[in-house]
Amino acid sequence: VTTRQTVADWHIYLRLFYDWQRENEERENIKMDEEEKRMRKALYEEARQKAEDNARRKAEEVKQKKNVIIGDR
């Protein structure tokens, strides 16, 4: 095996390694995107639930105020 061949082989190995590394980084980015989507969905769901709870509470308060006003008459 000549030095030139060894250098050529190392260039090939480095190229393969860099390709592999780039593919892994792309996979990690995709995983992070999926994780971010899950987190955003969870935050959206939590905000929606809080909004519904607040709306129910407000409706109950209004209903109680109407009952008090009607009861005062």
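The C-alpha atoms of the chain define a longest principal axis, and helix 3-72 lies at about 0 degrees to it.
Ranking TYR44, LEU14, ILE69 by how far each Cα lies toward the positive end of the dipole of the chain (charges on Cβ) leaves ILE69 at the top.
The stretch between ARG38 and LEU16 holds 4.6 nm of extra length on full extension. This uses 0.36 nm per residue minus the Cα-Cα distance. Within the set [x] 18, 12, 10; [y] 70, 4, 4; [z] 20, 16, 9, the number that semi-axes √(5λ) of the Cα gyration tensor in Å takes when calculated for this structure is listed as [y]. Do the sum for the chain: with -39,500 (n - 2.57) for every DSSP H run of n ≥ 4, divided by all residues, what is the mean residue ellipticity at 222 nm, to the nearest 500 deg cm²/dmol? Helix contribution divided over all residues of the chain: -36500 deg cm²/dmol. Lysine pairs in the chain whose alpha-carbon atoms fall under 21 angstrom of each other, counting only those eight or more residues apart or on distinct chains, come to 6.
With the simple model of a label 7 Å out from the Cα in the direction of the Cβ, ALA59 to ASP9 spans 7.5 nm.
Just so you know, all these numbers are worked out from the coordinates, no wet-lab data involved. Source: prediction; values computed, not measured. Backbone-built Cβ (ideal geometry, glycine too); neighbour counts: all protein chains shown.
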